[in-house]
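Peer 1: Dumping the structure here so I can ask a few things about it.
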Amino acid sequence: MSSSAPTDARPPLRRRQRRHPLRSALAVGVFVFCVFPVYWMFSTAFKPATDIQTDEPQLVPTSWTLEHFRTAISSDGFWLFWRNSLMLTVSAVLLSLVVALAAAFAVARMRWRGRRAFLLLIFAAQMAPWESLIIPIYIMYRDADLLDRLPGLTLIYFMITLPFTIVVLRNFLATVPEELEEAAQVDGCTRPQAFLRVVFPLLAPGLMATSLFGFITAWNEFAYANFLIIKDQDSRTLPVWLTSFQNTFGTDWGATMAASTLFAIPALLIFLLLQRQVTSGFASGAVKA
């Protein structure tokens with residue numbers, strides 16, 4: 001009696017890839033659509049002023065210059081606003097991680113009355129457009145004497161990034177088996193010690209992912225920084241500083257693009273450094289508990 005080995009009914013990988021040229025073309029089109037504005041910003045930052053506003057735009061600069069970067073760096077308050085943005089962003093991200101980690105642990109590991117309602121409120125806060133709250137927050141800050149104060153702006157960034165951080169960390173915690181904590185407690189650890197020694201190291205990808213999201217959100221925020229910092233110009237941030245290249249004579253597009261390039265570099269570097277952890281963190285955080 002002869003027996004035949006089971007065969008895989010699926011076509012080879014190369015053949016399956018050839019069947020979807022439209023999908024590949026669509027992916028390339030989406031990639032070009034998303035990357036082209038960034039490329040245009042970078043290329044314009046290196047173009048001479050005479051080549052920026054012309055009737056025939058140049059995709060590839062024929063000549064290069066660093067004059068726009070020198071103009072941006074030498075402008076008033078560049079390093080001060082850089083320090084303000086970095087301090088605000090790091091403070092908001094760290095505060096959000098601490099509070100969100102505690103809230104995510106309570107939601108993922110504990111059973112208490114009102115837990116589902118709490119999650120519903122978190123999702124509602126995540127979906128709410130924060131721009132619609134500018135006027136009531138402005139009135140509250142004015143009455144509390146928090147206008148023109150960097151701690152008040154840090155609190156806003158903290159509230160903006162907190163809901164997303166809680167949701168991602170809660171889903172990530174749900175993927176870590178509770179048996180690991182129980183085994184550590186059997187070995188003599190208390191519950192906080194079991195969490196810090198066993199669970200917390202496994203949360204590194206999720207913490208990296210949420211940190212990157214919070215960093216980009218706070219780093220790019222413009223509306224609240226523009227409306228809550230009015231009189232004290234030394235408390236401005238980099239997104240607001242970018243508008244300083246506009247005057248009554250027009251906009252210095254070269255300096256604006258150079259300043260935008262300098263503004264985008266920190267977030268880009270952080271993403272490249274944490275790319276693997278961020279990808280695995282978002283994938284694990286997307287698992288439904």
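The values are calculated or read from the model by the stated rules, or taken from the named source; none is laboratory data. Just so it is clear, the model here is predicted, and its values are computed rather than measured. Here Cβ is always computed from backbone atoms with ideal geometry, including for glycine, and neighbour counts include all displayed protein chains. Note: accessible area is taken over every heavy atom of the protein model, side chains too, but ligands, DNA and RNA are not part of it. Shrake-Rupley method; radii C 1.70, N 1.55, O 1.52, S 1.80 Å.
Peer 1: How much mean residue ellipticity at 222 nm does the chain get from its helices, if each DSSP H run of length 4 or more adds -39500 (n - 2.57) and you divide by all residues, to the nearest 500 deg cm²/dmol? Before the final figure, lay out the partial values.
Peer 2: On the way: 15 runs with 195 residues, N = 289.
Value at 222 nm, helices only, nearest 500: -21500 deg cm²/dmol.
Peer 1: Continuing with this model, one more query. If R0 is 25 Å, what FRET efficiency do you get for Asp234 and Ile135 from their C-beta distance, rounded to 0.05?
Peer 2: The calculated FRET efficiency here is 0.50.
Peer 1: So which DSSP H runs in the chain come out at 20 Å plus along the axis (Cα) with average Kyte-Doolittle of at least 0.0? Don't jump to the answer; show the numbers that get you there.
Peer 2: Details: long enough: 21-46 (36 Å, 1.53); 78-109 (46 Å, 1.66); 150-174 (35 Å, 1.67); 204-220 (24 Å, 0.94); 253-273 (30 Å, 1.88).
What comes out of the filter, once short or polar helices are dropped, is 21-46, 78-109, 150-174, 204-220, 253-273.
Peer 1: Now a separate question. Give the residues of the range 20-45 whose amide nitrogen is closer than 15 Å to a point set 7 Å from the Cα of Ile265 in the direction of its Cβ.
Peer 2: Only 42-43, 45 fall inside the zone, counting backbone N under 15 Å.
Peer 1: Identify, among Gln275, Pro136, Gly77, the residue whose Cα sits farthest towards the positive end of the charge dipole of the chain, taking +1 on the Cβ of Lys and Arg and -1 on the Cβ of Asp and Glu, with the dipole about the Cα centre.
Peer 2: Among Gln275, Pro136, Gly77, the one farthest towards the positive end of the dipole of the chain is Gln275.
Peer 1: Run the dipole for the chain about the Cα centre, Lys and Arg Cβ at +1, Asp and Glu Cβ at -1, nothing else charged, and hand back the magnitude in debye, nearest 20.
Peer 2: In debye, rounded to 20, the chain gives about 1440.
Peer 1: If you add up the charges near Met257, with Lys and Arg at +1 and Asp and Glu at -1, over every other residue whose beta carbon is less than 13 angstrom from its beta carbon, what do you get? If you can, show how the numbers build up before the last one.
Peer 2: Numbers: positive: Lys47; negative: Asp51, Glu67, Asp252.
That sum, taken over residues with Cβ under 13 Å, equals -2.
Peer 1: Choose one of Gly188, Gln126, Ile229: the residue whose Cα lies farthest towards the positive end of the charge dipole of the chain (beta-carbon charges +1 Lys, Arg; -1 Asp, Glu; about the Cα centre).
Peer 2: The one lying farthest along the dipole's positive direction is Gly188.
Peer 1: Using a 1.4 Å probe on the protein chains only, how many percent of the accessible area of the chain belongs to carbon and sulfur? Numbers along the way, then the final one.
Peer 2: On the way: 11880 of 18020 Å².
Whole-percent figure for carbon plus sulfur exposure: 66.
Peer 1: May I pose another question? Across 5 Å bins from the origin, how do the percents of Cα pairs in the chain run, short distances first?
Peer 2: 1, 5, 9, 11, 12, 12, 12, 11, 9, 7, 5, 3, 2, 1, 1, 0, 0, 0, 0
Peer 1: Same structure, new question: With every protein chain present, what is the per residue accessible area of the range 25-64 (1.4 Å probe, Å²)?
Peer 2: Working: 2970 Å² over 40 residues.
On a per-residue basis, the range 25-64 sits at 74 Å².
Peer 1: Can you work out the accessible area per residue across the range 77-286, with the rest of the protein chains kept in place, probe 1.4 Å, in square angstrom? If you can, show how the numbers build up before the last one.
Peer 2: Numbers: 11110 Å² over 210 residues.
Per-residue accessible area for the range 77-286 comes out at 53 Å².
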